[in-house]
Amino acid sequence: MFALTNKIALVTGASSGIGRATAKLFAENGAKVVVAARRQAELDTLVEQIREIDGEAAALAGDVRDEAHAKALVELAVSRFGGLDVAFNNVGLVGETGPVDTLSLESWHETLDTNLTSAFLGAKYQIPAMIERGGGSLIFTSTFVGHTVGMPGMTAYAASKAGLVGLTQVLAAEFGAKGIRVNALLPGGTDTPSATFKTPEARNFVEALHALKRVAQPEEIARSALYLASDASSFTTGAALLADGGISINRV
């Protein structure tokens, strides 16, 4: 049910954290994977790790805010493996935080371009390639921030990630008849290099916000991405899937 045998998948933000864990899990379940991030060395290591488990992978470093890079990733999937069936647009940036009156316009644009505009550019080229294959699964990494919880100081981050849910809904409605499923994955706090908890005290605070009283490991979020990528979610589209450890419902 969760197999991705003979599927071609694209994963952005794959050099570490959720993206890296997901790329490896997709490969373990049979997918041929194109991985993207800014750091070529980390991508090369990931490709080698995937090959060590008898998987197939190709890497292309670049900036997801660059339309040429979005196009090149799809072209690599098509030329190297024959098409595209799954795209996990996972790149994300918290960006500058603080009261809105202190937020610079430059930081606002950087966060929205990284989190939201990059998703639009990905979809622009990924969807036509999926249609050529008869359908596919498009996934965006959003968050509970700005969806179920408003967290002070996270104006740009919340706006960009909430925008992904709107993008998800419109694309799901627009391309459902062509076999394209589009969903947003909303993780809770996750133990990644980019996590905002940098001290034991900060980590304890973030863990306490969750009903499960802990943060996720990247592999746990990757399993939710696998669900959305696979036929296990064949009747799921336009959804904002919470994988947030209960942070959205916890009040204690």
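Values in this text are rule-based calculations from the coordinates and carry no lab data. Quick caveat: nothing in here was measured; it's all calculated off a predicted structure. Counting neighbours? That spans all protein chains shown, and the Cβs are built from the backbone with ideal geometry, glycine included.
Can you list the HN-Hα couplings for segment 18-34, worked out from phi with the Karplus curve (6.51, -1.76, 1.60; θ = phi - 60°), rounded to whole Hz and with x for Gly and Pro?
4, x, 5, 4, 5, 4, 5, 5, 4, 5, 4, 9, x, 7, 8, 10, 9
Using only the Cα atoms of segment 37-101, what are the Rg and Dmax in Å?
Values for segment 37-101 (Cα only, Rg and Dmax): 15.0, 52 Å.
Would you please give the residues with an amide H less than 5 Å from that of Gly146, counting only those at least 5 places away or on a separate chain, with H modeled from the backbone geometry?
Those qualifying (amide H under 5 Å, at least 5 residues apart or on another chain) are Met151.
Taking only Cα atoms and a 10 Å spring cutoff, compute GNM fluctuations for the chain and point out the largest among Ile180, Ile18, Ile131.
The residue with the greatest mean-square fluctuation here is Ile131.
Could you point to the residue in Ala229, Pro193, Asn204 farthest towards the positive end of segment 184-236's charge dipole, with +1 and -1 charges on the Cβ of Lys/Arg and Asp/Glu respectively?
It is Asn204, whose Cα lies furthest towards the positive end.
For a Förster distance of 45 Å, can you work out the FRET efficiency between the beta-carbons of Ile249 and Ser79, rounded to the nearest 0.05?
Numbers: r = 45 Å, r/R0 = 1.01.
Calculated value: 0.50.
Apply the Karplus parameterisation 6.51 cos²θ - 1.76 cosθ + 1.60, with θ equal to phi minus 60°, to every residue of segment 125-139 and state each ³J(HN,Hα) to the nearest whole Hz, in sequence, with x for glycine and proline.
Once rounded to whole Hz, the list reads 9, 6, 4, x, 5, 5, 4, 4, 8, x, x, x, 10, 10, 10.
³J(HN,Hα) across segment 77-93 via Karplus (A = 6.51, B = -1.76, C = 1.60, θ = phi - 60°), whole Hz, x for Gly/Pro?
4, 6, 6, 7, 10, x, x, 8, 10, 9, 9, 10, 7, 10, 4, x, 9
Compute and list, largest first, the equivalent-ellipsoid semi-axes of segment 1-123 from the alpha carbon gyration tensor, each √(5λ) rounded to a whole angstrom.
29, 14, 12
Once the piece of chain linking Leu212 and Glu132 is laid out straight, how much longer is it, given 0.36 nm per residue of separation minus the C-alpha distance between them?
Full extension of this stretch gives 24.6 nm more.
For segment 82-126 and segment 1-72, what is the separation of their Cα centres, given in Å?
Spelled out, the Cα-based centre of one part sits 18 Å from the other.
Using the 2.2 N^0.38 Å rule of thumb for compact globular proteins, work out how segment 146-203 stacks up: its C-alpha Rg over that value, please.
1.48
Going by amide H atoms built from the backbone, whose H comes under 5 Å of the H on Val33, apart from near neighbours?
When sequence neighbours closer than 5 places are left aside, the close amide H contacts are Ala9, Glu56, Ala57, Ala58.
Which percent of the Cα-Cα distances in segment 98-222 go past 20 Å?
Cα-Cα pairs of segment 98-222 separated by over 20 Å account for 53 percent.
For the Cα atoms of the chain, what angle does the longest principal axis make with the long axis of helix 40-52, in degrees from 0 to 90, nearest 10?
Approximately 60 degrees, to the nearest ten.
Give me D for the chain in µm² s⁻¹, whole number, from Stokes-Einstein with Rh from the Kirkwood sum over alpha-carbon pairs, 10 °C and 1.306 mPa s.
D, rounded to a whole number, is 88 µm²/s.
With the crude spin-label approximation of a point 7 Å out along Cα→Cβ, what separation in nm comes out for Ala3 versus Thr199?
Taking the two extended label points, one gets 5.1 nm.
Taking only pairs that are 8 or more places apart or on different chains, how many Lys pairs in the chain have Cα atoms under 21 angstrom apart?
Count of close lysine pairs: 12.
So what's the back-of-envelope 222 nm ellipticity for the chain, counting only DSSP H runs of four-plus at -39500 (n - 2.57) apiece and dividing by all residues, rounded to 500?
Roughly -13500 deg cm²/dmol at 222 nm, from the helical runs in the chain.
Based on the Cβ-Cβ distance from Asp231 to Thr148, what FRET efficiency comes out when R0 is 35 Å, to the nearest 0.05?
After rounding to 0.05, the efficiency reads 0.80.
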